[in-house]
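The values are calculated or read from the model by the stated rules, or taken from the named source; none is laboratory data. As the structure is a prediction and not an experimental result, all values here were calculated from the model. Please note: Cβ atoms are built from the backbone with ideal geometry, for glycine as well, and neighbour counts cover all protein chains shown. Quick note on the areas: whole protein, heavy atoms, side chains included, nothing else; ligands and nucleic acids left out. Shrake-Rupley method; radii C 1.70, N 1.55, O 1.52, S 1.80 Å.
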Amino acid sequence: MVKFHYVRDIMIRKCTDHGYFRGGSCQQCKRPGRYVLDDGREEKLGRFVSGTLRHFPASAGVKMDKYGWIDLNAFCEVMKKRYNWMRKEYLYALVESDEKGRYQISGPMIRARYGHSVNVDLDYDESDTPYVYYGASPEEVDVLLENGIFPIKQRYVHLSTTYEKAAEVALIHTESPVILQVDAFRAQEDGISLKLATDYIVLAEKIPPDYLFVLED
């Protein structure tokens, strides 16, 4: 069996015209840009940012409001104490170059867009997508169709706006994903909130079984 090894290539650079990007050259103008952060330091900062903004703000020494926001300057000071090479630009570079849009900076505040285990009330607009999707393993399907989808170790259920994205996420956990379609329009009519966190992720506190249907390949 041939084994493939994944090689990280996520160096962050900055293009004067198009901002921060990951990789060797700007995708828009193909210029190399200015070096900002190597992959080793990016990985260390990324883990700390994810952990603090999603899971343990108090343990990290910062205060989070009920909407998930943390003071940006206070967060930078905490990071500088942990990593003496840390600069505020690195946090902006990390956030703005993230292709998954995991974090959000607004004025003097920063937060994770999704993935929280702490109790937050994310104040996003309601999704206007008529259907959203959830990928599951074959072993989970019958349980979900009977009981609905509830968050496990997270504040919200994470749903996908497209079939393809749901399959992509599910493939991380199972080789044979089954995609469930959620009748989002009917669920919202019945008072279930579906919040649009990013172009591809919708959040819900729960999805009762009445709104779930299995999609065939």
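Listed residues Gly115, Gly101; which is open to solvent by less than 40 Å² (accessible area, probe 1.4 Å), modelled with pLDDT under 95 and not in a helix (DSSP H, G or I)?
Gly101
Pick from the range 163-178 the residues that are surrounded by 18 or more Cβ atoms within 10 Å (Cβ to Cβ) and small (Gly, Ala, Ser): which of them is farthest from Leu212 (Cα to Cα)?
Ala170
Does any residue of the range 205-212 turn out to be more than 24 Å from Gly68 (Cα to Cα), in contact with a helix residue (DSSP H, G or I) (Cβ under 6 Å, 6 or more places away or on another chain) and among the hydroxyl-bearing types (Ser, Thr, Tyr)?
Yes.
Step by step: first the residues of the range 63-78, then only those that are in a loop (DSSP other than H, G, I, E, B) and touching a Leu at 6+ places or on another chain (Cβ under 9 Å), then the one that is surrounded by the most Cβ atoms within 10 Å (Cβ to Cβ). Which residue is that?
Residue satisfying both the conditions and the ranking: Gly68.
Confirm whether Arg41 is over 16 Å from Tyr20 (Cα atoms), among the charged types (D, E, K, R) and either modelled with pLDDT of 95 or more or part of a helix (DSSP H, G or I) (or both). Spell out the reasoning first.
Details: over 16 Å from Tyr20 (Cα atoms): no; among the charged types (D, E, K, R): yes; either modelled with pLDDT of 95 or more or part of a helix (DSSP H, G or I) (or both): yes.
Spelling it out, it is not the case that Arg41 is over 16 Å from Tyr20 (Cα atoms), among the charged types (D, E, K, R) and either modelled with pLDDT of 95 or more or part of a helix (DSSP H, G or I) (or both).
Out of curiosity, is Gly135 more than 17 Å from the chain's Cα centre (by Cα), of a type outside the set (S, T, N, Q) and over 23 Å from Lys44 (Cα atoms)?
On the way: more than 17 Å from the chain's Cα centre (by Cα): no; of a type outside the set (S, T, N, Q): yes; over 23 Å from Lys44 (Cα atoms): yes.
No; evaluated as a whole, the condition is false for this residue.
Quickly run through the range 31-73 and pick out the residues that are aromatic (Phe, Trp, Tyr) and under 17 Å from Gly115 (Cβ atoms).
Quick first cut of the range 31-73, residues aromatic (Phe, Trp, Tyr) only: 35, 48, 56, 67, 69.
Listed by number, the residues that qualify are Phe48, Phe56, Tyr67, Trp69.
Yes/no per residue for (1) in contact with a Ser or Thr (Cβ under 7 Å, 6 or more places away or on another chain); (2) at pLDDT below 95; (3) aromatic (Phe, Trp, Tyr):
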| position | (1), (2), (3) |
| --- | --- |
| Ser127 | no, no, no |
| Pro130 | no, no, no |
| Gly135 | no, no, no |
| Phe150 | no, no, yes |
| Tyr200 | yes, no, yes |
| Ala204 | yes, no, no |
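Please state which one of Val157, Val182, Val202 is closer than 17 Å to Val120 by Cα, open to solvent by less than 50 Å² (accessible area, probe 1.4 Å) and without any contact (Cβ under 8 Å) to a residue 60 or more places away in the chain.
Just a single option satisfies the conditions, and that option is Val157.
In the range 79-90, is there at least one residue being open to solvent by less than 80 Å² (accessible area, probe 1.4 Å), out of contact with any Lys or Arg (no Cβ under 8 Å at 6 or more places or on another chain) and under 14 Å from Pro57 (Cβ atoms)?
Checked against the condition, which is being open to solvent by less than 80 Å² (accessible area, probe 1.4 Å), out of contact with any Lys or Arg (no Cβ under 8 Å at 6 or more places or on another chain) and under 14 Å from Pro57 (Cβ atoms), the range 79-90 yields at least one hit.
Any residue in the range 83-102 that's over 10 Å from Tyr20 (Cα atoms): show its pairings with residues that are small (Gly, Ala, Ser) and open to solvent by less than 20 Å² (accessible area, probe 1.4 Å) at Cβ separation under 8 Å, as long as the two are six or more apart or on different chains.
Arg102/Ala112; Arg102/Gly115
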